[in-house]
1. Under a crude label model (7 Å from the Cα following the beta-carbon direction), how far is ALA12 from PHE41 in nanometres?
2. On full extension of the chain, what length is gained from LYS51 through GLU4, given 0.36 nm per residue of separation minus the C-alpha to C-alpha distance?
3. Give me the angle, in degrees from 0 to 90, between the Cα long axis of helix 25-47 and the longest principal axis of the Cα atoms of the chain, rounded to the nearest 10.
4. For segment 13-58, what number results from the quotient of the Cα radius of gyration and 2.2 N^0.38 Å?
5. What are the equivalent ellipsoid semi-axes of segment 24-83, built from the alpha-carbon gyration tensor (square roots of five times its eigenvalues), in whole angstrom, biggest first?
6. Hey, got a sec? Which trypsin sites (Lys or Arg not before Pro) in the chain land in a DSSP loop and have at most 16 other Cβ atoms within 10 Å?
7. Counting other Cβ atoms within 10 Å of each Cβ, which GluC sites (Glu not before Pro) in the chain have at most 14 and sit in a DSSP loop?
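What follows is calculated from the coordinates using simple rules that are stated; it is not laboratory data. A quick note: this is a predicted structure, and the numbers were derived from the prediction, not measured. Backbone-built Cβ (ideal geometry, glycine too); neighbour counts: all protein chains shown.
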Amino acid sequence: MGYETLYNEFHANENVQAFIPLAQQPRYGIMATVLALLFLFGAVMTACSKKSIVPKFLIFTFLSVFGSILFAIAAIFVSDAFGVYV
């Protein structure tokens, strides 16, 4: 594939609009980080509770999965928002 072909394909494609505007991404990243910390803190507190093992495991799994997903979303938002300016 030659330079001319790549150049023509690059300029022939339409511009992609961001799903979430770049100015709002740090706000969402911080909110997702706070929520993830709350979910993971709840998971740790559930692991330290005196309940039986089955409900404790189910609640811990639920909280830790959502906390991990929110941390992944926060990492994407924060790196996308702040990484553009570096």
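1. So the two model labels end up 5.5 nm from each other.
2. 10.2 nm is the gain from fully extending LYS51 to GLU4.
3. With rounding to tens, the tilt is 20 degrees.
4. Compactness ratio reported: 1.95.
5. 29, 9, 6
6. Loop-located and lightly packed - LYS50, LYS51.
7. Listed in order of number, the matching sites are GLU14.
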